[in-house]
Amino acid sequence: MNITQLSVFLENKPGRLQSILKTIADRDINIRTLTIAEVNDFGILRMIVNRPDEAYEALRAAHVTCSRTDVLAVALEDTVGALYRLIEAFSKRDINIEYMYAFTDRYQAHSIMIFRFDDTEAAKAALLEEGYTIMKRSEIHGE
Amino acid sequence: MTTGSAMFSREFESMPLPQLKALQLERLRWSVRHAYEHNPHYRKTFDAAGFHPDQLKTLEDLRRVPFLTKQEMRDNSPFGLFAVSMKDVVRVHSSSGTTGSATVVGYTRGDLDLWATLIARSLASAGGSCDDILQVAYGYGLFTGGLGVHYGGEKIGATVVPISGGNTDRQLMLIQDFGTTMLACTPSYAINMADYASRHMPAFDFRKTRLRRGLFGAEPWTEAMRREIEARMGIDAYDIYGLSEVIGPGVSCECSAKSGLHVFEDAFYVEIIDPVTGEVLPEGSQGEIVYTSLTKECCPVIRYRSRDITRLYRDSCACGRTLVKMEKVCGRSDDMLIIRGVNVFPSQIESLLVEIEGVEPHYQIVVDRHGALDDIEVMVEVQEEIFSDELKVMNALSGKIAARIRSVLGISAKVTLVEPATLERGAGKARRVIDRRQLS
């Protein structure tokens, strides 16, 4: 049920992102969403793709430092206050979010939040208790 | 762990310190006089320094004797530093010449016997005995490794397999077929063998062979390499150290404690000096190790500056040897960088990184000068083992490296994390230091 995110170490230099995207595209792998967290000299590219294991092997073969990270994807209605209530479910249980990002599913018109927790299991339990839908691998990775 | 593997020369290896010092002085006086009386180069340099062998009354008096440098050895090549007549020289070896032109060393029959004994002691120190089948995968020839270990192996009574270096599939076959129990080669060749086995011989399992221990030397190696060799081959790996200029392998060797190499002090007198001033440093200080042979006939070395950086110390070793210990050589004084007045060896930074990362690090040190101030930047390749998807973890890593450099070396360095394979590698060997200061 956990989603596999690819995390890639990226130097802050022209052409680096492009070369990683090319490795992914050459394998005919589709990126569903991505985000970059950066400091001065480097960044960490985090992305959700349709075939994460294959993308991981391809990047490793290209001598790119990357890892697979377990994240949770939560479907959320695209309405005022929806995210606020979701986050409240975590804060009242003292569950810490390491990072998060969002994308919109174009068919079902809801938002998908990607979360990385230090305690994924506790977060899962909280979500189920509050009646949220944790998205399945097949819904996010597609195949 | 076995405490106290058997000693080959118990009398000398466990001699009480006062007695050892007395023996050293007696032998040192012979050796210095022998060099002075039988070699024109030594006579010339001793005379120029106003030193005569009669003045050597204590071990400390040796400080008045001039150093012998690698350059002087080259200048006197091939036979200019011999102190016996050629009819008494029964063998020559030559250094690899990796850092310049080769130097030549000669051996009398007595020297060869001394050398074989030192190797036999080293083998015993690493747990070897006459029960071992010893595969010598050091190169045979002018290089001291192969023949040196060969005759030491015979001396201890082991069954010696003189396969020499290379031919890796054959090496592995013999380990299997002969039931080799002990391997002697360079540490990098041992890793090469393990790589070869896992790539080309999937059925080969070191743990199903009789191989139990290895004696590795002739190049610097790290604790990380030791762990790798031991894990992949299922053996105990020991460090043996030596320089062809001094005698070859067998100057010092690790024991069952695997912490520091015991120097065979009945054959060599060792000093630690400041590589810049040449001043002798107190025991326990880090500096350049200087060798004086005590019993060698053909090529006595008197205060030979090895350029190797290490530390000497005495502890009550579990193995029972009273001999002084030297740490694994941590660098060459030629590589020393002086940064804002602080002596820095690339290898010190390397060992910090090994400690933090737990793997063989890829790094590069860039030194530059801005105005009057030296700047040092350490670029570290981010391998998968140390990569995290969290920025705070990556920031903590570079912070930790910088903090360790500051606390151990006393300098502040900028630490930059870079992608793998971005750092320059020349001929397979990484270029560790880029010093831009000379250019400005």
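Any read-out appearing in this document is the output of simple, stated calculations on the displayed coordinates, not a laboratory observation. Since the structure is predicted, the reported quantities are computational estimates derived from the model, not experimental observations. Counting neighbours? That spans all protein chains shown, and the Cβs are built from the backbone with ideal geometry, glycine included.
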Relative contact order of the stretch B:155-257: what whole-number percent is it, with Cα pairs under 8 angstrom and at least 6 residues apart?
-> 23 percent
Given 0.36 nm per residue, what is the gain on full extension from B:H52 to B:S129 after removing their alpha carbon distance, in nm?
-> 23.4 nm
If you keep only loop residues by DSSP, which chymotrypsin sites (Phe, Trp or Tyr not before Pro) in the stretch B:16-51 have at most 11 other Cβ atoms within 10 Å of their Cβ?
-> none
What nm value, rounded to one decimal, do you get for the distance between B:A318 and B:S77 when each label is placed 7 Å out toward the C-beta?
-> 4.3 nm
Which longest uninterrupted range of chain A lacks any trypsin sites (Lys or Arg not before Pro) assigned by DSSP to a loop state (not H, G, I, E or B) and surrounded by at most 12 other Cβ atoms within 10 Å?
-> A:1-91
Hey, with R₀ at 22 Å, roughly what FRET efficiency would B:E377 and B:E327 work out to, going by the Cβ-Cβ distance, to 0.05?
-> 0.20
Length gain on complete extension for the stretch A:L128 to A:A75, per 0.36 nm per residue less the alpha carbon to alpha carbon distance?
-> 17.9 nm
Å³ per residue enclosed by the Cα convex hull of the stretch A:1-89 = 128 Å³
Among bridges DSSP assigns within the protein assembly as shown, what percent are antiparallel (round to 5)?
-> 75 percent
For the stretch B:1-157, whose charge dipole is built from +1 on Lys and Arg Cβ atoms and -1 on Asp and Glu Cβ atoms, the candidate among B:F8, B:Y36, B:A49 with its Cα farthest towards the positive end is B:A49
Segment A:A62-A:A102, length gained on full extension (0.36 nm per residue, minus Cα span) | 11.6 nm
With a/c under 1.5 counting as rounded, go ahead and sort the stretch B:57-205 into rounded, prolate or oblate using the C-alpha gyration tensor (a ≥ b ≥ c being the square roots of the eigenvalues; past the cut-off, prolate if a/b is larger than b/c, else oblate).
-> prolate
Filtering trypsin sites (Lys or Arg not before Pro) in the stretch B:247-348 by DSSP loop and by at most 15 other Cβ atoms within 10 Å leaves B:R314, B:R340
As a percent rounded to 5, the proportion of antiparallel DSSP bridges among beta bridges in chain B is 65 percent
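Dipole magnitude of the protein assembly as shown about its Cα centre, charges +1 at Lys/Arg Cβ and -1 at Asp/Glu Cβ only, in debye to the nearest 20?
My answer is approximately 1240 debye.
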Using a ≥ b ≥ c from the Cα gyration tensor of the stretch A:66-143 (square roots of the eigenvalues), is it rounded, prolate or oblate, where a/c under 1.5 gives rounded and otherwise the larger of a/b and b/c decides, a/b for prolate?
-> oblate
Test item: Cα-centred dipole of chain B, Lys/Arg +1 and Asp/Glu -1 on Cβ, debye | 580 debye
Relative exposure of B:K208, B:K87, judged by other C-beta atoms within 10 Å (fewest first) = B:K87, B:K208
Per residue of the stretch A:58-70, in order, report the coupling 6.51 cos²θ - 1.76 cosθ + 1.60 (Karplus, θ = phi - 60°) as ³J(HN,Hα) in whole Hz, putting x for Gly and Pro.
-> 5, 5, 4, 4, 8, 6, 9, 7, 8, 8, 9, 10, 7
For the stretch B:237-390, shape from the Cα gyration tensor axes a ≥ b ≥ c, cut at a/c of 1.5 then a/b versus b/c, turns out oblate
With only helices counted (DSSP H, runs n ≥ 4, each -39500 (n - 2.57)), the per-residue ellipticity at 222 nm for chain B, to the nearest 500, works out to -9500 deg cm²/dmol
Along the stretch A:75-84, Karplus-curve 3J(HN,Hα) (6.51, -1.76, 1.60; θ = phi - 60°) to the nearest Hz, with x for Gly and Pro, reads 7, 9, 5, 8, 9, 4, x, 5, 5, 3
B:V342 versus B:D169, label points 7 Å from Cα toward the beta carbon: distance in nm?
-> 5.2 nm
What is the distance, in nm, between label points placed 7 Å from the Cα along the Cα-to-Cβ direction at B:S259 and at B:L391?
-> 4.3 nm
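Can you pull out the chymotrypsin sites (Phe, Trp or Tyr not before Pro) in the stretch B:180-251 whose DSSP state is coil and whose Cβ has at most 10 other Cβ atoms within 10 Å?
On the way: sites: B:Y189, B:Y196, B:F204, B:F206, B:F216, B:W221, B:Y238, B:Y241; in loops: B:F204, B:W221.
In loop regions of the stretch B:180-251 (DSSP not H, G, I, E or B), there are no sparsely surrounded chymotrypsin sites (Phe, Trp or Tyr not before Pro).
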